[in-house]
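Novice: Below is a structure I'd like to ask you about.
The values are calculated or read from the model by the stated rules, or taken from the named source; none is laboratory data. Because the structure is a prediction, the values reported are computed rather than measured. Using ideal geometry, Cβ is built from the backbone for each residue, glycine included, and neighbour counts are taken over all protein chains shown.
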Amino acid sequence: MASKKDTPHKLYGKLKGQYRQKSVKKRIEALFLDNIGKVVTREQIIKAATDPKTGQQPENWHQRLSELRTDDGYTILSWRNRGDLKIQEYLMPHTRKRSNAGKRVRPTDTAWLAVLKRANYSCEWKEAGIVCGLKNGEIDPVGGGRVKLTPDHKNPHSLHPDTDPEDPAQWQALCGRHQVTKKNYWDTTTGKLNTYAIVQFAPETEKKRIFHFLLSYFGYNIRRDGTIARQK
């Protein structure tokens, strides 16, 4: 049900029973096809994608959602391309698929093994000088779930789709949480940096530095009592 705060045309979808398709991606696809033109939430996606036999919640649903866009050619909107959507809300406006959708390039087995050895079989995401370092099978203390490392283009696929599958230097190993973080850093519809998302994911110390930089840039400073005033 839409809340009073939501715009009148913003309708929320529903799960239509348990989804029993054989793969996580197919179960997510079925949920969206059941709710064309309606908002689907993160919680609904996880419930729909849950294994109907074991009850296990998927740890890679973000990647499967991305594949519905890139590999299958569906249009799935998020808060980055539709203003009335909140973070972790998604909407498939129609069932049409783009004719130019295709499989993403992946590294060869030899190249991927070289990447894993270089990374010491751990996530290579680096931010503020700190490497993630989570290893395959460990529990992610932030995102929850068991870590599964997957190959990622060092340069965004939307801008450089011709990444060499045999060159380990063009690939990195990322955990599922940081795969999603990186995707949020780039607006795939424009190929431009999503600066809002970058600030969102930045550590607290970085947020404070950005905050003070913007104050100075726009001609403000912070008084001793904590109030903000324009510089004279």
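Novice: Could you list, in sequence order, all residues of the range 138-161 that are at pLDDT below 75 and either assigned to a strand (DSSP E or B) or under 18 Å from Val115 (Cα atoms) (or both)?
Specialist: Once the filter is applied, which keeps residues that are at pLDDT below 75 and either assigned to a strand (DSSP E or B) or under 18 Å from Val115 (Cα atoms) (or both), the range 138-161 yields Asn155, Pro156, His157.
Novice: Within the range 120-128, can one find any residue that is in the same structural domain as Thr163 (by TED's automatic domain parsing) and modelled with pLDDT under 80? Quick ask: steps written out before the conclusion?
Specialist: Of the range 120-128, the ones in the same structural domain as Thr163 (by TED's automatic domain parsing) are 120-128.
Narrowing the set further to residues that are modelled with pLDDT under 80 leaves 127-128.
Yes, some residue in the range 120-128 is in the same structural domain as Thr163 (by TED's automatic domain parsing) and modelled with pLDDT under 80.
Novice: Could you pull out the residue among Ala49, Ala30 that is closer than 19 Å to Thr150 by Cβ and without any contact (Cβ under 8 Å) to a residue 40 or more places away in the chain? Break it down stepwise before answering.
Specialist: Values: Ala30 fails: closer than 19 Å to Thr150 by Cβ.
Residue meeting the stated conditions: Ala49.
Novice: Can I ask one more? Restrict the check to the range 77-95 and report whether at least one residue is more than 20 Å from the chain's Cα centre (by Cα) and not in a strand (DSSP E or B). Please lay out each step first, then the result.
Specialist: Taking the range 77-95 and keeping what is more than 20 Å from the chain's Cα centre (by Cα), we get 94-95.
With the extra rule that they be not in a strand (DSSP E or B), the set shrinks to 94-95.
Yes, the range 77-95 contains at least one residue that is more than 20 Å from the chain's Cα centre (by Cα) and not in a strand (DSSP E or B).
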